[in-house]
1. May I ask you to verify whether residue C:224 is at pLDDT 85 or above and more than 29 Å from the chain's Cα centre (by Cα)?
2. Test of understanding: among C:176, C:128, C:171, C:183, which residue is in contact with a helix residue (DSSP H, G or I) (Cβ under 7 Å, 6 or more places away or on another chain) and surrounded by fewer than 20 Cβ atoms within 10 Å (Cβ to Cβ)?
3. Given C:137, C:143, which one is in contact with a strand residue (DSSP E or B) (Cβ under 8 Å, 6 or more places away or on another chain), more than 13 Å from chain B (Cβ to nearest Cβ) and buried (at least 23 other Cβ atoms within 10 Å of the Cβ)?
4. Considering only segment C:23-94, give the strands (runs of 3 or more DSSP E) lying wholly within it that have at least 2 residues that are more than 10 Å from chain B (Cβ to nearest Cβ), surrounded by fewer than 23 Cβ atoms within 10 Å (Cβ to Cβ) and at pLDDT 90 or above.
5. Being assigned to a strand (DSSP E or B), over 14 Å from residue C:49 (Cα atoms) and within 11 Å of chain B (Cβ to nearest Cβ) is the filter here, so list the residues in segment C:1-14 that pass it.
6. Which residues, taken from segment A:18-43, are away from chain C (no Cβ under 13 Å) and surrounded by 16 or more Cβ atoms within 10 Å (Cβ to Cβ)?
7. Within segment B:108-125, is even one residue surrounded by 19 or more Cβ atoms within 10 Å (Cβ to Cβ), within 14 Å of chain C (Cβ to nearest Cβ) and either without any contact (Cβ under 8 Å) to a residue 60 or more places away in the chain or not in a helix (DSSP H, G or I) (or both)?
8. Residue C:153 - would you say it is in contact with a strand residue (DSSP E or B) (Cβ under 8 Å, 6 or more places away or on another chain), on the phi < 0 side of the Ramachandran plot, within 14 Å of chain B (Cβ to nearest Cβ) and outside any strand (DSSP E or B)?
């Protein structure tokens, strides 16, 4: 379904989470689409079922997916995009850290904004 | 029993194969007897007593039985070899050990199946021989009825002695079989342990014979010497027979002699001896099976004690062996220094034997240390 | 589910297992990693009741395994070489397992064989090593074991066979909750499917943790220092490997944490970027250290690592 990179800094379950989130953002996975079962995905990716379970649990916690008893796991259909305040804070912190690093590399504010712009455009292009 | 099915299946191949061999050997024995009997019958009819006098050795049941006995012993050796081929292979041995069966269960099934494989054909042999024996006596009875005025002399082993011999043979089979098994649990090489067992069975006899030649004890005491020799060689128990006799008389004036000769010597003692031997083998096998470990399979000997018994045995025997060879070839040249030369040869032989046995005994215990 | 307590085993003067302790929970896929001769095979064989221990104990569901039929009936063992009996065919081996293991299921075996496609009347000794391995795995999983132990299961297998084997294990664990212990050199597969691992080195436990933790702790960092790197950088206890290309330093640490990053920054690091390591690299870095540093340095490191 998607590649798992063991060299990646992120643990496997995080990669699964990020990949699914990305596919949702890009619209490959739409709200209401059914995800493969834990066993199916584990077999598909050749990873431990516990890892997939962990990923699914976290995605469910983040309200990105929902499990309906007896029917399966689906991409969540949310009335509207709520802004998760704690999540926003975390992202702010991370962004701050990245900005500092970029600054140390010699980037000024405009260049930093340019970088962010480029990344967003790339994401849109991939759609 | 049901849960041992898998174990039985494992042992089935080797024991079934050997069972067929034992059956063939015994049937051949029966056939040989039948043919000889028929020939004898015909010759008796043709030539009567005259033929008999020209053929003093009419007894053939005994040689045939000796023949089947020897072939069966050979078969037992093969049986033990085949039964242990799997276990002694490192990979298969490992697989067998991981199966849900204890060492004891595996040993018990192995011994049981092994004994069964030569018991059934042996029972057929007994049955067949009894029938033949009966038919032979019947034939001679017939001849007697026809040639009323002649003495019909036939030597035949009495049926009681025959049965006693069968019992002794069977017990010897079990004794030899168990002994071979025992040594398999002592040494870890299949072929090696079989050779060791055979040599160990022969060794006491060899030591006494050779020792008595060299050191001339027992030389005068023939009876004692023969007695010792008879008891030292276990496989020989059923075979040493002496003349006894019984006569089947008719109520008439004319005598019809069925001279039953050949009794087994010291029957009672031999039976008791075999029971003890078998009992000891079983006890030791039980103890050894408990303590068999896979991690020892590199070493040749599991226990230090066995290793030293082996070394001492080989030392003594090779000393005597060299001296024996010396007696034949070299010593006629040294008639004056006869005794001294003999001792020297014994020492040289013992030294060579010791070195070789020591090296063999050390097989396997090097490997791990080097790792 | 499995408790290995202070296991010791020597062969002559060689200590194959030296006070090894491992606890494996039910339903876990547990990996045992180490170089050749590190003690993996010895541990595995002691676990399935082939070897006895000199000291310590191995308990499976509270019962010792040696000469214990009750435990062995629910234990599947796949060795690195599986030739089984001479002259036996695939079908005969299946029948044999059916006799020997009461919980063996012929239907399951047939179902697996639909994927692996082994000919029933093929003689086992004529099969390739890979096919023999697949046969051994099918037979042992069809027992429906509570514990499945595999010694180098993927060595000698091509990529397709490897995937089939691993998928079978994964799905079986998911379905029946069986516990799995795998020893292997092929760390790429292990790190995807193992929950926890133990790294053995010369008979001793060098590292023991979940895969995720291991990779979270052992990281390679690309570091650029403001000016010069600190003089004693090579002697820092947290650093197991140090290399540099020009002014870019590659630091491998086995105690990665924010405080470590802070320490670096305090010592003049301007840019710190973590580079992902796969399990194989983790293993290599943590193992080579032992040889350079010697016993004392390693003990300290293991203690602090396992504490965190």
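The values are calculated or read from the model by the stated rules, or taken from the named source; none is laboratory data. Fair warning: this is a prediction, and the values are worked out from it, not measured in the lab. Note that we place each Cβ from the backbone using ideal geometry, even for glycine, and neighbour counts take in every protein chain shown.
1. Values: at pLDDT 85 or above: yes; more than 29 Å from the chain's Cα centre (by Cα): yes.
The answer is yes for residue C:224.
2. C:171
3. On the way: C:143 fails: more than 13 Å from chain B (Cβ to nearest Cβ).
One residue alone meets the criteria, C:137.
4. C:55-60
5. C:10, C:11, C:14
6. To start, the set of residues in segment A:18-43 that are away from chain C (no Cβ under 13 Å) comprises A:18-35.
Those that are away from chain C (no Cβ under 13 Å) and surrounded by 16 or more Cβ atoms within 10 Å (Cβ to Cβ): A:19, A:20, A:23, A:24, A:29, A:35.
7. no
8. Values: in contact with a strand residue (DSSP E or B) (Cβ under 8 Å, 6 or more places away or on another chain): yes; on the phi < 0 side of the Ramachandran plot: yes; within 14 Å of chain B (Cβ to nearest Cβ): no; outside any strand (DSSP E or B): yes.
Spelling it out, it is not the case that residue C:153 is in contact with a strand residue (DSSP E or B) (Cβ under 8 Å, 6 or more places away or on another chain), on the phi < 0 side of the Ramachandran plot, within 14 Å of chain B (Cβ to nearest Cβ) and outside any strand (DSSP E or B).
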